[in-house]
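The values are calculated or read from the model by the stated rules, or taken from the named source; none is laboratory data. Since we're looking at a predicted model, the values are computed, not measured. Cβ atoms come from the backbone with ideal geometry, glycine included; neighbour counts cover every protein chain shown.
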Amino acid sequence: MSTPDVNGEMTVTEAEWPFTRPELMAGLRRYLAASSLRLLNINAMALPDTMPGQSPTQAGTKLSGMSVNVLIDGEEQNLPLVLKEPPMTQDGRVLRAVGQREYGVYRRLAPLLPLLVPGLVAGDESSGWIILEVLTGLRAAPDWTVDDYQEAIGNLVRMHDRFWALDEILSTYPWLARPLGADYDLTVAAARDAATMLLHADTLPQLVAYRGLFPLLVDAADEITAPLRREDSTLIHGDYWPGNIARPLDGRQIVFDWQMAGIGPAILDLVGFVQSTNLYLQPALSASEMIASYRAQLDPLAHITWEDGDFDLLWDHALMWLFMTKWLGRLATMHPENYTAIEDRFRATWLDMVLAAAERRLHK
């Protein structure tokens, strides 16, 4: 349980954390290169609003702020840290594989990435919890400038180019998701369960007019994924948008939240970036400007030039796939008040666009 310390702060007992004191102390010694470090106290703290990862797209993920008091060479210091634990399902199962994926990116893939990721203070590969340093002095996502968006798009392009058509090499990292490969059947089955729940649920009456769309998408999963499978695969972040990117006021952007990292076509990251940004923010760049910027930067690097008709086809199929695999499950378990808060923008950003894409592309 939590008990107040001599300064009135809440000191959380060791039993409440998923890690042990030796595990945290070993991680801090490595991270700070301080072999003499001694761990004194761990106090719960609130996370700053600008800290990436407190994202509505990360449903169920548990973030806990903590101020860690340490002694280094006789001098006391307080370090703000964030503990990230894997999400849980509705029936209480911990999705360890999701945490293991992010741990794997920070521990194994980080040196190969052409962009910055947060430094891993400590973590456990088997259970999937990780501890990162809290960042301050950040520009909040709603305040991003045109240059901020351009940098984020450029980072995404460089990552995709770095791993373009290297799916065989990426397959050596077994913890990466494979939504169009080994994970396909399970992914579609989960979407089917969610569509069935939405078809019979009355918690979100605003979706009544769209309920027939949900099982149609699942039944057409093979048709939806066919153009995506024909594309070269690369490393995809899986949830890349400003809410998961730290923008220091002076310095390069740092990309957080790799829980959905996987192997797949680059268009999935681009569609996710544009749609999530337009759902939750008022971006300084329009959707068409974001897309044009990505395509203009990717062409000379990866030597990939999509004809407009081919790109539009890929966009529609990626849009349907992401809605089916990412949003059906969220909607099936979403609290009515949370949906009401995004209803108008969600309808414009996702529902109507997916319906139009299905009418254009699917044979049913």
Worksheet entry | Matching option when the condition is hydroxyl-bearing (Ser, Thr, Tyr) and free of Cβ contacts under 8 Å to residues at least 24 places away in the same chain, among Thr172, Thr225 | Thr172
Discussion item. Criterion first (surrounded by fewer than 19 Cβ atoms within 10 Å (Cβ to Cβ), among the basic types (Lys, Arg) and modelled with pLDDT of 95 or more) does Arg96 satisfy it?
Written reply: no
Worksheet, complete the sentence: Selection over the range 234-290 where residues are among the hydroxyl-bearing types (Ser, Thr, Tyr) and more than 28 Å from Thr305 (Cα to Cα) yields a count of 1
Response to the item:
Pairs returned, first residue in the range 248-268 that is outside any loop (DSSP other than H, G, I, E, B), second residue that is modelled with pLDDT of 95 or more and among the polar types (S, T, N, Q), beta-carbon separation under 6 angstrom, 6 or more apart or interchain, are Ile263/Ser233; Gly264/Ser233
Practice prompt. Those residues that are among the small types (Gly, Ala, Ser) and within 25 Å of the chain's Cα centre (by Cα), I need them from the range 208-228; list them, please.
Written response: Ala221, Ala226
Practice prompt. Taking Leu180 as the residue in question, decide whether it is at pLDDT 95 or above, in contact with a strand residue (DSSP E or B) (Cβ under 7 Å, 6 or more places away or on another chain) and in a loop (DSSP other than H, G, I, E, B).
Written response: yes
Discussion item. Could you list, ordered by first residue, the pairs with Cβ atoms under 7 Å in which the first is in the range 317-338 and closer than 17 Å to Glu231 by Cβ and the second is of a type in the set (Ser, Thr, Tyr) and part of a helix (DSSP H, G or I), at least 6 apart or interchain?
Written reply: Trp321/Thr225; Thr325/Thr187
Worksheet item: Which ones in the range 134-149 are in contact with a helix residue (DSSP H, G or I) (Cβ under 9 Å, 6 or more places away or on another chain) and either without any contact (Cβ under 8 Å) to a residue 24 or more places away in the chain or surrounded by 17 or more Cβ atoms within 10 Å (Cβ to Cβ) (or both)?
Response: Ala141, Trp144, Asp148, Tyr149
Worksheet entry | Number of the exception - Ala97 against (1) under 27 Å from His303 (Cβ atoms); (2) of a type in the set (A, V, I, L, M, F, W, C); (3) assigned to a helix (DSSP H, G or I) | (1)
Worksheet item: Of Asp161, Asp193, Asp239, which residue is of a type in the set (D, E, K, R), under 23 Å from the mean Cα position of the chain (by Cα), buried (at least 18 other Cβ atoms within 10 Å of the Cβ) and closer than 15 Å to Trp327 by Cβ?
Response: Asp239
Discussion item. Residues that are at pLDDT 95 or above, at least 2 per element: which strands (runs of 3 or more DSSP E) completely within the range 1-81 meet that?
Written reply: 38-45, 62-72
Worksheet, complete the sentence: Checked against (1) at pLDDT 95 or above; (2) among the basic types (Lys, Arg); (3) surrounded by fewer than 20 Cβ atoms within 10 Å (Cβ to Cβ), Arg247 satisfies every condition except (3)
Worksheet item: Looking at the range 164-221, which of its residues are touching a Lys or Arg at 6+ places or on another chain (Cβ under 6 Å) and aromatic (Phe, Trp, Tyr)?
Response: Trp175
Worksheet entry | Any hit, the range 293-304, residues being hydrophobic (A, V, I, L, M, F, W, C), surrounded by 15 or more Cβ atoms within 10 Å (Cβ to Cβ), part of a helix (DSSP H, G or I) and modelled with pLDDT of 95 or more | no
